Amino acid sequence: MRFSVGYATDVGRKRAQNQDSFAAVPELGLFIVADGMGGHRGGETASAMVADVVPAKMKAAAGNTKQDPHDALAESIKSANAAIHKRAAQDPSLQGMGTTTTALLFRNESLIIGHVGDSRCYFFRPSSIWQITRDHSLVQEKLRAGLITREQAKTDRMKNVITRSVGYEPGVEVDLYDMPVLPGDVFLLCSDGLSGMVEDGQILETVQKCVIDGNDPKRAVDELVDMANRNGGDDNVTVVIIKVLGSNGG
């Protein structure tokens, strides 16, 4: 498939270092955002390992026509989990590190998403935005249980606590999603430095203007990062936008 892609990452206004990582590998149809956590170096190390290990594993699996791509994506994230957990066990300064992982894999006019944590994938068509992934977070659990409203969730003191991560435990459960894809469809990956600072309506307005109408995903990601920082910049912010242009033969 052919894509128009834009990406940006920024430390934000409150953090000393950027613990987010991302990967954009259009030739594999693979795009990843990872938001690390744990200690001075741990989060940065964990997210960077996801951005290295998952593409390497998916590249190795690309020639295996017998392996289901859903399985390949899940196994690549589990391989990253094992590598991070092993590294933390070997280095006390990295103990307890982990990372979110949201990975998009485009295959034959369809999309597969592998997801752990509270980074997000959004899907856009003209004038519409949908959050595809479900956050693995305490706030999401409280929302599902009806204990808080969506407005209360925005200011909940536990809003940054996740219930699942890559690397923290010896094993990890990966949520998988899939959907058909059409030319013109737009997808956005982000860390919570965007989703926690910018309303969905503002994200839609920017994507509509810059990408759906304007075909300029780089402008969109730059505007969204700037918006997150102007709204407080409480966290590192990473955004990847992918517009599907068509199949390789189309």
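Check whether at least one residue in the range 37-55 is in contact with a strand residue (DSSP E or B) (Cβ under 7 Å, 6 or more places away or on another chain), closer than 12 Å to GLY167 by Cα, outside any helix (DSSP H, G or I) and modelled with pLDDT of 95 or more, and report yes or no.
yes
Starting from residues that are of a type in the set (D, E, K, R) and surrounded by 12 or more Cβ atoms within 10 Å (Cβ to Cβ), keep the ones in the range 54-67 and report whichever is farthest from VAL25 (Cα to Cα).
So the residue we want is LYS57.
Could you look through the range 121-165, keep only residues that are of a type in the set (S, T, N, Q) and farther than 23 Å from ASN236 by Cα, and pick out the one that is farthest from the chain's Cα centre (by Cα)?
THR149
Residues that are at pLDDT below 95, at least 2 per element: which strands (runs of 3 or more DSSP E) completely within the range 77-128 meet that?
Output list is empty.
Pairs only if they're at least six apart or on different chains, beta carbon under 6 angstrom, first in the range 109-122 and in contact (Cβ under 8 Å) with a residue 24 or more places away in the chain, second in a loop (DSSP other than H, G, I, E, B) and basic (Lys, Arg); list them, first residue then second.
Close Cβ pairs (under 6 Å, with a partner that is in a loop (DSSP other than H, G, I, E, B) and basic (Lys, Arg)) amount to VAL116/ARG164.
Return the total of residues in the range 197-240 being in a loop (DSSP other than H, G, I, E, B), under 15 Å from TYR122 (Cβ atoms) and in contact with a helix residue (DSSP H, G or I) (Cβ under 7 Å, 6 or more places away or on another chain).
Qualifying residue count for the region: 2.
Can you give me the number of residues within the range 211-242 that are more than 26 Å from PRO183 (Cβ to Cβ), touching a residue at least 40 places away in the same chain (Cβ under 8 Å) and among the charged types (D, E, K, R)?
Residues flagged as more than 26 Å from PRO183 (Cβ to Cβ), touching a residue at least 40 places away in the same chain (Cβ under 8 Å) and among the charged types (D, E, K, R) within the range 211-242 amount to 2.
Just to check your reading of the model, which residue among LEU245, LEU176 is within 30 Å of ASP71 (Cβ to Cβ), part of a strand (DSSP E or B) and in contact with a helix residue (DSSP H, G or I) (Cβ under 6 Å, 6 or more places away or on another chain)?
LEU176
Just the residues that are crowded, with 20+ Cβ neighbours inside 10 Å and touching a strand residue (DSSP E or B) at 6+ places or on another chain (Cβ under 8 Å), please, taken from the range 209-232.
VAL211, PRO217, ALA220, VAL221, LEU224, VAL225, ALA228
Take the conditions part of a loop (DSSP other than H, G, I, E, B), under 24 Å from VAL240 (Cα atoms) and not charged (D, E, K, R) and apply them to THR155. Does it pass?
In short, no.
Go through the residues of the range 179-190 one by one and say whether even a single one is surrounded by fewer than 17 Cβ atoms within 10 Å (Cβ to Cβ) and either touching a Pro at 6+ places or on another chain (Cβ under 9 Å) or without any contact (Cβ under 8 Å) to a residue 24 or more places away in the chain (or both).
yes
The values are calculated or read from the model by the stated rules, or taken from the named source; none is laboratory data. Everything quoted here is computed from the prediction, not taken from an experiment. Heads up, the Cβs are rebuilt from the backbone with ideal geometry, glycines too, and the neighbour counts pull from every protein chain shown.
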